[in-house]
1. Sort 73-83, 106-116 for me by packing, meaning the mean count of neighbouring Cβ atoms within 10 Å per residue, highest on top.
2. Quick one: plug the Kirkwood hydrodynamic radius of the chain (C-alpha pairs) into Stokes-Einstein at 4 °C, 1.567 mPa s, and report D in µm²/s.
3. ALA111's amide H: which non-local residues (gap 5+, or another chain) put their own amide H closer than 5 Å, with H modeled 1.01 Å from N in plane and none for Pro or chain starts?
4. Highest first, please rank the peptides 132-145, 206-219 by the mean number of other Cβ atoms sitting within 10 Å of their residues.
5. With a point put 7 Å past each Cα toward its Cβ, work out how far SER32 is from GLU150 in nm, to one decimal.
6. Using 7 Å Cα-to-Cβ label points, what is the GLU20/SER76 separation (nm, one decimal)?
7. For the range 118-239, give the magnitude of the charge dipole about the Cα centre (Cβ charges: +1 Lys/Arg, -1 Asp/Glu; no others), in debye to the nearest 20.
8. Work out the count of Lys pairs in the chain where the Cα-Cα distance is under 19 Å, with the pair 8 or more places apart or on different chains.
Amino acid sequence: GGGAGDTDVVMVCVKLWDIEAAGTALAPALSSEATVIPFENGVDAPQRLAAILGKDRVMGGSAHISARIAKPGVISHNGKLAKIFFGEMESGKSMRGKAFAAACEAAGVAARLTGNIERVTWEKFIFLVAFSGMTAMRRQPIGPLRDNPENWAMFLAAMGEAAALAEARGVTFREDPVQAWLPRMEAMPDSYQASMLEDLEHGRRLELPWLSGAVVRLGAETGMETPANSAIVEALTPFAEGT
């Protein structure tokens with residue numbers, strides 16, 4: 001006992017470049033009834049895991065939290081935001097989703113089962129591509145970016161490109177996703193910065209290919225121009241593999 005084979009739900013929380021390695025390591029250890037939920041940034045982790053583990057085993061997930069590895073074995077939680085969202089990729093609320101939501105509630109974990117995890121994932125992604133890309137490219141937290149009209153215009157443009165891409169791919173929103181983020185971004189502390197900036201400062205690998213890089217790549221496939229995200233990718237690509 002004690003292995004993944006005894007587990008009902010596996011939460012995958014690795015960096016985006018490790019998705020395939022995590023899926024490959026999990027595959028032989030999972031029981032036939034186990035469910036795998038990735039909580040990575042980006043928008044394609046469920047599909048990448050499903051290609052390895054099978055579509056029926058994978059749900060979608062999105063983690064809303066600011067945290068970092070303070071040192072090996074120690075996670076530092078920044079601020080008060082800490083909530084996870086999850087749901088079936090085909091929409092709807094399944095029994096396994098309800099069971100996991102109940103387990104989270106019993107454990108005191110802030111969690112929400114959603115009938116549209118794709119929309120929730122893209123809503124986060126739209127903000128994150130700009131937040132990660134701009135704080136890393138400018139080497140500044142969000143406060144100075146907000147105070148500089150040129151930088152803030154580029155920040156919003158990067159968000160707008162991601163939002164337009166989502167809609168072109170059939171994702172529907174209840175309200176304009178960029179406008180919905182504005183009051184939340186204005187309320188963020190001046191010192192708030194993305195983990196990509198910290199990774200850059202420490203010479204670590206960046207999630208760039210799956211964030212702004214994904215906007216550029218998927219935009220090209222859709223026939224959309226993405227100048228703001230393209231500029232972010234061009235500026236950060238020399239550091240993407242770490243230094």
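1. Numbers: 73-83: 10.9, 106-116: 14.0.
Highest-to-lowest ranking by the protection proxy: 106-116, 73-83.
2. This corresponds to a translational diffusion coefficient of 69 µm²/s.
3. Residues meeting the criterion, in which the H sits 1.01 Å from N, are ILE84.
4. 206-219, 132-145
5. 6.3 nm
6. Going by the 7 Å Cα→Cβ label model, 3.3 nm.
7. Here the size comes out at about 220 debye.
8. Lysine pair count for the chain: 9.
Every number in this text was worked out from the coordinates using simple rules, so none of it is lab data. Note that the structure is predicted; figures quoted are calculated from it, not measured. As a convention, Cβ positions derive from the backbone with ideal geometry for all residues, glycine included, and neighbour counts pool all protein chains shown.
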